[in-house]
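Below is one structure, written out as structure tokens, with a few remarks after it.
The values are calculated or read from the model by the stated rules, or taken from the named source; none is laboratory data. Computed from a prediction, not measured in an experiment: that's the story for all the values here. Positions of Cβ are backbone-derived with ideal geometry, glycine not excepted, and every protein chain shown enters the neighbour counts. Keep in mind that these areas ignore ligands, DNA and RNA; they rest on the heavy atoms of the full protein, side chains included. Shrake-Rupley method; radii C 1.70, N 1.55, O 1.52, S 1.80 Å.
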Amino acid sequence: MKNSLIILGFFALGLVLGLTRFLPEVIMESDFSLYALYLLMFLVGIGIGADRSSWRVIKETNIKIILVPLCVIIGSLVGVGAISIFTPEIQLKEALAVGAGFGYYSLSSIFITQISGETLGVIALLSNILREIITLLAVPIFVKYFGKLAGIASGGATAMDTTLPIISKYTGKEWAIIAIFSGIVLTILVPFLVPFILEVF
């Protein structure tokens, strides 16, 4: 939760600095988010490629494990699709793109900002930050009333890193393998699925 609050704090600071135009004009008028995206994609690639244990888990675990991220994808998209009925100012494909972030707020919000503008990018950022915070706070409740996979599903892409400790604590260490696999699959899909939904769907 500390990391989420830090990210939220930096976002709030940037918002205040942008509103007050306190920063130099070269920063205010230049779009550095694309370069941040390139750097982020590079670091994501390093992180996934260097985690040998994660790749080993994928090879050793039964093929049925693929149903976990698949159900997270379907559930997330169906959920945001249903919610979009109550938000007519947001198109269905925009709502689906926000949901396709699967909690990966830093990456998905940059893609959405680049393609659809800052307003939807902010919505994606806040929506996916809330998904992570809710997971960190509510996993015990989800596991108790909906089963052990509920915590993993709630975490989405973050089930492989930031929410993994809390998921592992309340579901058991044996479920951490499933959480890591699901998180990796969703993390890999975000940079492909979000642009696809916005540009092709």
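A Förster radius of 30 Å combined with the Cβ-Cβ distance from Glu199 to Glu174 puts the calculated FRET efficiency at roughly 0.15. Put simply, when 92-103, 127-138, 145-156, 164-175 are sorted by average Cβ atoms within 10 angstrom per residue, most first, you get 92-103, 145-156, 127-138, 164-175. Heavy-atom accessible surface of the chain, averaged per residue, reaches 57 Å², computed with a 1.4 Å probe. Taking only alpha carbon atoms, segment 120-190 gives an Rg to Rh ratio of 0.98, where Rh is the Kirkwood radius.
Our helix-only sum for the chain, with -39,500 (n - 2.57) per DSSP H run of n ≥ 4 divided by its residues, gives a mean residue ellipticity at 222 nm of -25500 deg cm²/dmol. Quick note on the chain: its Rg to Rh ratio, both from C-alpha atoms and Rh being the Kirkwood radius, is 0.98. In segment 144-201, the portion of solvent-accessible area held by carbon and sulfur atoms comes to 71 percent [1.4 Å probe, whole percent, DNA, RNA and ligands not counted]. Residue order by solvent-accessible surface for Phe11, Phe86, Phe201 is Phe86, Phe201, Phe11, largest first, with ligands and nucleic acids left out and a 1.4 Å probe. Compared with the direct C-alpha span, the chain from Leu39 to Lys64 gains 5.6 nm at full extension, assuming 0.36 nm per residue.
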